[in-house]
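The values are calculated or read from the model by the stated rules, or taken from the named source; none is laboratory data. Note that the coordinates shown come from a computational prediction; the quantities given were computed from them, not determined experimentally. In this analysis, Cβ positions are derived from the backbone assuming ideal geometry, glycine residues included, and neighbour counts consider all displayed protein chains. For the accessible areas, the whole protein counts, side chains as well, though only heavy atoms, and no ligand, DNA or RNA atoms are used. Shrake-Rupley method; radii C 1.70, N 1.55, O 1.52, S 1.80 Å.
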Amino acid sequence: MRLPCPLLLLVTLMLAGCPKRMERVAGTDDARIDAAEARLEELRLRAHEDEASCPSRCDASSEMCELADALCSWVESTPDRTDLPPRCVQAREQCAQATSRCTRCTEG
């Protein structure tokens, strides 16, 4: 049985499919998480400076905790990534340490 050319062409195109452009979500998430971790490290260093004032330490602490919450929400949105939960835990620990330093500073 001989197929007409247009039908053969249509079947060939359907089987071959068209390449689709797909955004690499994991790469985007990784970049966002890496940027958040880099900012957390900057804030951690700022909060640990001996000459840092209490307001500066507490501002850094607040920002660190906000970043930790954001980072953990990104981690929770990708439950298939088993490499990410430790990063959330580390961010929360940094938040807790910074909050403790802020509290000690303000309570004198």
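Structure data summary
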quantity	calculated
Leading residue by the ranking (modelled with the lowest pLDDT) among those in the stretch 50-82 that are of a type outside the set (S, T, N, Q), open to solvent by less than 80 Å² (accessible area, probe 1.4 Å) and outside any helix (DSSP H, G or I)	52
Selection count where residues are part of a helix (DSSP H, G or I) and either more than 20 Å from residue 85 (Cβ to Cβ) or of a type in the set (Lys, Arg) (or both), scope the stretch 30-49	9
